[in-house]
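The values are calculated or read from the model by the stated rules, or taken from the named source; none is laboratory data. It should be emphasised that the depicted structure is a prediction, and the values quoted were computed from it without experimental measurement. Glycine gets a Cβ as well: all are built from the backbone with ideal geometry, and neighbour counts include every protein chain shown. Heads up: the accessible areas ignore ligands, DNA and RNA and are worked out on the full protein's heavy atoms, side chains in. Shrake-Rupley method; radii C 1.70, N 1.55, O 1.52, S 1.80 Å.
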4 protein chains.
Amino acid sequence: MAGSSFGNNFRIATWGESHGKGLGVVVDGCPAGVALTEEDIQKYMNRRKPGQSKYTTARREGDTVEILSGVFEGVTTGTPISLMVRNQDQRSGDYSNIAEIFRPGHADFSYREKYGIRDYRGGGRSSGRETIGRVAAGAVAAKALGELGITFTTFTRSIGPVEAASANVEEIFENALYMPDNSAAAEAAAYLEECMKHKDSAGGVVECWIDGVPAGIGDPVFDKLDARLAGAVFSIGAVKGFEIGEGFAAAKSNGSRNNDPFVVRDGRVAKETNHAGGILGGISDGSRIIFRAAVKPTPSISQPQHTVDIYGQEREIEIHGRHDPVIVPRAVVVVESMAAITILDGVLTDLGCRMEDLRRKYVGC
Amino acid sequence: MAGSSFGNNFRIATWGESHGKGLGVVVDGCPAGVALTEEDIQKYMNRRKPGQSKYTTARREGDTVEILSGVFEGVTTGTPISLMVRNQDQRSGDYSNIAEIFRPGHADFSYREKYGIRDYRGGGRSSGRETIGRVAAGAVAAKALGELGITFTTFTRSIGPVEAASANVEEIFENALYMPDNSAAAEAAAYLEECMKHKDSAGGVVECWIDGVPAGIGDPVFDKLDARLAGAVFSIGAVKGFEIGEGFAAAKSNGSRNNDPFVVRDGRVAKETNHAGGILGGISDGSRIIFRAAVKPTPSISQPQHTVDIYGQEREIEIHGRHDPVIVPRAVVVVESMAAITILDGVLTDLGCRMEDLRRKYVGC
Amino acid sequence: MAGSSFGNNFRIATWGESHGKGLGVVVDGCPAGVALTEEDIQKYMNRRKPGQSKYTTARREGDTVEILSGVFEGVTTGTPISLMVRNQDQRSGDYSNIAEIFRPGHADFSYREKYGIRDYRGGGRSSGRETIGRVAAGAVAAKALGELGITFTTFTRSIGPVEAASANVEEIFENALYMPDNSAAAEAAAYLEECMKHKDSAGGVVECWIDGVPAGIGDPVFDKLDARLAGAVFSIGAVKGFEIGEGFAAAKSNGSRNNDPFVVRDGRVAKETNHAGGILGGISDGSRIIFRAAVKPTPSISQPQHTVDIYGQEREIEIHGRHDPVIVPRAVVVVESMAAITILDGVLTDLGCRMEDLRRKYVGC
Amino acid sequence: MAGSSFGNNFRIATWGESHGKGLGVVVDGCPAGVALTEEDIQKYMNRRKPGQSKYTTARREGDTVEILSGVFEGVTTGTPISLMVRNQDQRSGDYSNIAEIFRPGHADFSYREKYGIRDYRGGGRSSGRETIGRVAAGAVAAKALGELGITFTTFTRSIGPVEAASANVEEIFENALYMPDNSAAAEAAAYLEECMKHKDSAGGVVECWIDGVPAGIGDPVFDKLDARLAGAVFSIGAVKGFEIGEGFAAAKSNGSRNNDPFVVRDGRVAKETNHAGGILGGISDGSRIIFRAAVKPTPSISQPQHTVDIYGQEREIEIHGRHDPVIVPRAVVVVESMAAITILDGVLTDLGCRMEDLRRKYVGC
C-alpha cells in the first residue's frame, strides 16, 4: 500500500502518472527560513527534462514546476511545500497498443498481478516521469543543504562498456551525457549510435559525490546513512546495483589495504585514504561521500521481442514511439535528488542526538 | 536518533551492545497463529555463532535465545515477541586499549563525533554482535514465510578473489565457509590461511535466493521490494555493495539481452530468463529473487596501523584479541534474516492492495 | 517538522494555506478497485463549504475539487490519489491588519515562536481552510468503507448550552446546524443570534456514530482504535475534548453499571448495552462506535480584545471580516472525515493479523 | 499489526504479558549524555506498583527494573535503552476459570475476534501490567526533560463523584489516592469502602500539569502537541475521555470568555488566562500545559455478571482474585509517563524547524 512517501523528518510524498493530469510532490519538514523560488526548482527539473539531445526522447514537455504552498514572500515557512507539474504533451494514442500486452523489462505484468488493474498509458505510475516529484523535492533539499555548505557533484561514470577515465568536474556539463571526461563522452556517443542502429539500448553507471557533510550524520543501526542512501537510490526505477566507496571491489581487497588510516590534517582528524566512501559504521566521517548506482539498459526497444498478453497468449511486440536509447544521463539528477533528500533527512534527524543540542536551543547554554 | 527499528507492518526494534548485559529484539506485527519455539530461533542463531571454525573468533558465547513474550502454548498471539540473549563471555579487559584510540575501518571515530561518548567495549553497538537481534527476528519471519512456501537459500558466493564456480545447494553446509562449491571453499580456506599468516583479513560476497514469493509483493515507488531489500541489507555493518539480478553487469548490457521475454509455462505467465532477479518495477514477478551483497574485509587486523587517538595525537595501533579473518560466512545468516524480515513486511503490506482483499475478509465474498 | 501526514497503511499528506494558491491532499494506500469520481468527493466538500447559511462565513469559494492522479477510467488504481482545490476568493487586504498582531485564541503567536516567520494571510496553515485536504481524503476513505458496509452518522450534539435532546437521524440535514433535533436547532439558532448581537461566538459538541465496523479493528497497545480516533479528531483545530462511549461520565460511574453484559443475539455475541462505545481494549467489538468532540468557540470575534503585537507592545484588536459565529456545523464533516480515514487505516492494518489471512490470499486455503 | 511502538524521534517499543516471563520496553532515540540509573526508573515504577495500599491489589511484584543496554558508565550513549521487569508472582491458577469466558468490560472478546487466540492468563497483553513498559520509558523521558527545566505534576482530580476542590501540590503524596486535597481524599476513600462493600468499583479523573515547556513545541497539522497527547493518553487502557484546558466546558463558553488575552509579563509575551491549556494551534505557547483523562471503573468486579463463553453460551461470571476497586491512583504515573514521552518526542522533532537551528549546529553561527 502506501509506498509513495519517503523520509522521516524531511518527508516527501510523490504522486502522478505519465499520462494523467500531472505529477508532483508534497515536501514536508523543510525548515523555515530557506529562500526558495520556482527557478531554484526549475533548474533541477531542466536537468531531467526530455528533448535535451538526440539521446533523450523527443517528447517535449515544458515540465514547468509550480509552487503551490509553503513559501511566503520567497521564504519557506516550515509548512508543506506542494510542487506540481501539469502534463501537456500526452498523445495517448501512442500507447494504446500496449494496453493488452506485457512489455519485457517493464512493470506491466507485476503491476497487473498486484493491483488487478493498471493505468497502461505510458507506463502510468511506473513511467520515468514519476521521477518529476523526486527531482522537485531534491531541489528543495539541495537548496537547504547548500546553506550548510553541503554540495553535490553527480555524473555519468560509464555508458555500456565506456567508462570515464578521468573525473574532470568542469567537463560534466560540456557533453550531453554528463560525463566528466569529454573524450569518453564522445566514445559513448558513438556506442549509443551503434545501439540505435540495432534498435537496441544501453545502460550505465551514475556516480555521486557529496562534499561538506559534517561527521556524525546517520543513525545506527537500520538508518545508517549508507543504508538510507542505498534504499533511496534503489527506489529509482532501472537501478540494479548500488555501492559505496570501494563497493564490490572491497570484497576482493584485504583489511590492510581497505582500512583508511586516520591522520591529523589542518588540526582535525581526517582519513589518509577514502576507501570507505565517507561513511563508517553508518555514520558520516567528514570525508567526501562517494557512491555509484548501476542503471539497466532502457527496456523499451523497437526490435521485436517475445512476450505474453493479458489473455495469456504468447505474442511478438515492437515498441515504437519516443524512447531514450539510454536513460543514464537523465537519471543523474534523479540520483542527486534522492541523495539530497536523504542527506537532509539525516541532518535533521541528527540534530537531537546529544543532550547538549537540546540544552543549547531551549536553555540557551 | 531512533534508528534501531525496521519495517512497517512487521517491525523489529533491536537493542544491545557487544559487552553490555545482553542483546535482543522486539518483533512486532507477527501474525497470530505461527507455531514458534526457541529451537526455531536457536537454529538461526547457531549459524551466526562464533567459534564454529578456525575462521571465526574463538570467543565462545552460548548465545542462547530466550522468548520473553508473544508466544502462548507454542503459538504466536499477534502481540510483540521479545527475544533476548544474555552476554556471558565478556573479558572487558581485552578492549581497554581501544578506549582512547580510533581503530581504522571501525566506527569509533564517527560514533564519537556523533554522540560525544561511546561504549568502547568491543565496539559497543557497532559490534558484529549487534546482528543477534536481526537474526533472532529473521528466524521468526522465515518461520512465518515457510508456511506460505517462501524459502531462502543463502551462501558465500566469493571470498577475496576466490569465487564459487557452481551453486550446489547441498554443498553449502558441507564446508565452514558456506560456499555452494566445496572445491572453491578449499581454495578460499587456503587463501584465508595466507591472509592470517600476514596478519591480514579478507572480504567477500554473499548471495541470496528467495523462492516462492508470489507476484505482486513490493510497493511503488519508494517501497519497491528491491529498494527495501537494498536498505535492509546495506544496514548490516561491513556491507559496501548490493545488486539484484544482473546488477552492475546490467549497466554494461543491452536492452535486447537484459530484457526477460515473457512466456507461458505450465499455464502461467513466466519469464524465459531472469536477468531482473525476480523484481520488475519494484514488484515481485513470481520468479526467484536473486541478490548479492559485497562485504568488506574485517577491519580488525593485528598488523600495525596508523591512526589518531581521542586527544588528536597520531598513533600506531595493533589490534589483538579474537577477530575473524573474514566475516562473510557469519554474515550469510544475517543477510538471509534481513531478507526474510523485508519479505514478510512486504507480504503484510501487500495484503490490502485490492478492494477485493478487504471484501473477502470482512464481507466474506 | 514533518507533521502534515497521517496514517500508516492508508496515509494522507495535506498541504496548503488559507490564502495561497490552493489546498490539497495526497492519498496514498487506497486499495485498487474503488469506483471514485470527483462528485463523490465534491459531495463531502460541499458539507464544509462556507456560505451555506448565515452562521457560516459569507466568503464564497467554489472549493471545486480536482482529481489529479490515482484514478483511471473511474476506478482507483492503488497509486497515490492527488486532490486539489484552487483558492479563488482571496481578498488578501482583509487580513493585512493582523500581520503584526497576535490574535487571542489563534495560533499567530505560537507559529511565530516556532518558525520565526508565518504566512499571516487568513491564518495561513492554521486556518480552518486547512481542513479541505482532510475532507477530500475522508470522502475517499468513506467511499471505500461503504463497500464494506461501514457507514457514518455525524451531527451537532450541542451548540453552546443547547443540546439535542433526541437523535433523529433524518432531521440532521433539515437544519443548517446539522442537529438531529429540529427544535433544538431552532433554539440554538436563537442563541447564535444573541451571540452575534454581542459580537461574540459559541462552541459546541460534534457526535459521530460508526456502524458496520466488524469486531477486531484496532491494534494494541498504542494503535488502539480509540487512541487513533482521539489523535485524529484532536488534530482538528479548535477541538478541546474527545470522549468515547460514556466518556467523562464513566469516571463517575461504577463497574456494575458501566460494564456491558455480553449476550447472544441472532446467534452472535453482542453487548446488551454500549457504554464502551464500541471499542474494548482498543479493539472494535462489533457494536456501534460512538464518540464526541468538544469544539471551542470561534476565536475571531469583533468585540475589542486585549493583546500584544510582534514588537512586544500591548494593543487592542477588533477582528472584522468574515467569520463564523460558530464553527461546529462545518466541523461535522471534518470530524467524520478524520474518523473515516482512521477506520480505513485500521481495517487495512488488521488485514494481516492472523496467519490464516496470509494463507488465504497467497496459498489459497 | 505492529501497534506496540510509539513516537517518532523518541520512540518506544513495549512488550510483555501479565503472566509471561516479564515485560519491558526498548527506548530508542534518547539523546546521549543523560545521567541515568536504575534508581531513576525504579522511582517511577514504584508509583505504579501494586500492593501500595488497600485500594490496590495485594499482588506483590518486586517489579524491579533492569537496564540492559544503552547506558555506559551511568550516562546514556544515544543507543537503544532496553528495560525489563521479570514477572515473579504469577499464580496462573487464579485465572484458569476465565480461559473460556468473556469478562464484561474487558478485551477478552475483542482480542479473540481479532487474533483467533489469546493469552488469557491475567488478561495477557491487555492487562494493566502492560503499562510497565510505558512507565519505565516515561521515567527516561522525564529525566531528560528535567535537564531542560520541564516538570510534571500529575494527580487524581476525582474519584467517582468526589472531586478535589483544591490543588495543593504538596498533599498529592500525602494520601494513598494521590489527590491534591487530603480531605477530598478521605471522602473518596470512604466512597471506595462503600464500593468494595457492594463488590463494585469506581472510576475517576487524572489531571496533569506540565511546566517549563518552551513555546514552539508541536507540529501542524496532524502532530499537534495536543493531538499527540490525546493519542498517547488514550492508548492507556481504561481511558475514555481526554480534554485540554477548558476541554468540554469550552464547548459551552463564548469566544469572549474563552480567548486568553495576550499580555506582556516580565518583558515576555504571556497569556492573562490559560483556558487554552498551554497549546494554541497545536503548538505550545509557553504557558502551563493542563489536561485531564477520564478513567473508567475497574471492570473486574466480584458481583455476578451476565456474559457469554467462547462456545457461544450465555453464562454468569463472578470475578474473584486481586483487583483494585479503582485504578485511578495507579494510572496517575502512567498518564505522566505518556505525557513525558510525548513531550520529549515533540521537543526532538521541533529541533530542526528553523534553518538557523541547522546553521547553529553545523556551521557554528
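Here are some notes:
- B:A186-A:A190 FRET efficiency (beta carbon distance; Förster radius 51 Å; 0.05 resolution): 0.65
- For chain B, calculated [θ]222 nm from helices alone, where every DSSP H run of n ≥ 4 adds -39500 (n - 2.57): -7500 deg cm²/dmol
- Value of Rg to Rh for the protein assembly as shown, rounded to two decimals, is 0.95; Kirkwood radius and Rg both from alpha-carbon coordinates.
- Placed amide H near D:D219: partners under 5 Å, 5+ positions off or other chain: D:K224, D:L225
- Computed from phi, the 3J(HN,Hα) profile of the range A:208-224 under the Karplus parametrisation 6.51, -1.76, 1.60 (θ = phi - 60°) reads 10, 10, 10, 10, x, 6, x, 5, x, 8, x, 10, x, 10, 8, 9, 3 Hz, with x in place of Gly and Pro.
- Rounded to the nearest 20, the Cβ-based charge dipole of the protein assembly as shown about its Cα centre (Lys and Arg +1, Asp and Glu -1) stands at 0 debye.
- Put simply, chains D and C cover up around 8000 Å² of each other's accessible surface, both sides summed, when a 1.4 Å probe is used.
- ³J(HN,Hα), Karplus 6.51/-1.76/1.60, whole Hz, each residue of the range D:247-253, x for Gly, Pro: x, 4, 5, 4, 5, 9, 8
- Contact order normalised by residue count of the range C:61-179, Cα under 8 Å, 6+ apart, percent: 15
- Each other copy holds its own label point for A:V263; taking that point as 7 Å from Cα along Cα to Cβ, the gaps run 5.7, 6.6, 8.6 nm, nearest first.
- Within the range C:290-365, trypsin sites (Lys or Arg not before Pro) in DSSP loop having at most 16 other beta-carbon neighbours inside 10 Å: C:R322
- Sorted shortest first, the distances from the C:F173 label point to those of the same residue in the other copies are 5.8, 5.9, 6.6 nm; each point sits 7 Å from Cα along Cα-to-Cβ.
- Label-point spacing at C:G62 relative to the other copies reads 1.9, 7.3, 7.4 nm, in ascending order, each point sitting 7 Å out from Cα along Cα→Cβ.
- Heavy-atom accessible area per residue - chain A, 1.4 Å, Å²: 30
- Amide H contacts under 5 Å for B:S127: B:S18, restricted to partners 5 or more places along the chain or on a different chain, H placed in the peptide plane at 1.01 Å from N.
- Estimated dipole of chain D in Debye, rounded to 20 [Cβ of Lys and Arg +1, of Asp and Glu -1, Cα centre]: 480
- In the range C:240-260, comparing the full protein assembly with the chain on its own, the residues that lose 30 Å² or more of accessible surface at a 1.4 Å probe are C:K240, C:F242, C:I244, C:F248, C:A250, C:A251, C:K252, C:N254, C:G255, C:S256, C:N258, C:N259.
- Other protein chain Cβ atoms within 10 Å, averaged over every residue that makes up C:198-211: 3
- Summarising the amide proton neighbourhood of A:V263: residues at separation of 5 or more, or on other chains, whose placed amide H is nearer than 5 Å comprise A:A270, A:K271, A:E272.
- Relative compactness, the range B:214-365, computed as alpha-carbon Rg over 2.2 N^0.38 Å: 1.45
- Across the range A:227-340, Cα pairs under 8 Å and at least six residues apart give a relative contact order of 26 percent.
- Cβ-Cβ FRET estimate between A:R315 and A:E39, R0 fixed at 45 Å, reported to 0.05: 0.45
- Alpha-carbon centroids, the range D:9-27 and the range D:210-287: separation in whole Å: 30
- When you count the other C-beta atoms within 10 angstrom of each residue and take the mean per peptide, D:161-174, D:251-264 line up highest first as D:251-264, D:161-174.
- Taking N as its residue count, the alpha carbon Rg of chain B over 2.2 N^0.38 Å: 1.04
- Peptide C:295-303 - average C-beta neighbours from other chains (10 Å radius): 5
- With the simple spin-label model, which puts each label point 7 Å out from Cα in the Cβ direction, the A:T273 to A:Q303 separation comes to 4.1 nm.
- Converting phi to 3J(HN,Hα) with the Karplus coefficients 6.51, -1.76 and 1.60 and the offset θ = phi - 60°, the range D:139-145 yields 4, 5, 4, 5, 5, 5, 5 Hz in sequence order, with x at every glycine or proline.
- Long pairs among B:K21/B:K49; A:K361/B:K21; A:K21/A:K197; A:K49/B:K271, criterion Cα-Cα beyond 29 Å: A:K361/B:K21; A:K21/A:K197; A:K49/B:K271
- Ordering D:H323, B:H19, C:H320 by accessible surface, largest first, gives C:H320, D:H323, B:H19; the 1.4 Å probe counts only protein heavy atoms, with every chain in place.
- Prolate is the label for the range C:86-170. Its Cα gyration tensor axes, ordered a ≥ b ≥ c, give a/c of at least 1.5 and a/b above b/c.
- Those aspartates and glutamates that a straight Cα-Cα span of less than 13 Å connects to C:K224, excepting residues fewer than 8 apart in one chain: C:D285, C:D345, C:D350
- Relative contact order computed over chain A (Cα-Cα under 8 Å; 6+ residues apart), in percent: 21
- Reduction of at least 10 Å² in accessible surface, 1.4 Å probe, comparing all protein chains with the chain by itself, residues of the range C:217-233: C:D219, C:P220, C:V221, C:F222, C:D223, C:K224, C:D226, C:A227, C:A230, C:G231
- Across peptide B:342-352, the mean count of Cβ atoms from other chains lying within 10 Å of each residue's own Cβ comes to 6.
- Highest-MSF residue in chain A out of A:F155, A:F291, A:F72 [GNM, Cα springs under 10 Å]: A:F72
- Extension gain (nm, one decimal) between C:R360 and C:V169, 0.36 nm per residue minus Cα-Cα: 64.9 nm
- For chain D, carbon and sulfur atoms together expose 48% of the accessible surface, with a 1.4 angstrom probe and every protein chain in place.
- Cross-link partners of D:K252 among aspartates and glutamates, defined as those whose alpha carbon lies under 12 angstrom from its own and excluding same-chain residues fewer than eight positions apart: C:E163.
- Shape call, the range C:92-235: gyration tensor on alpha carbons, a/c limit 1.5: oblate
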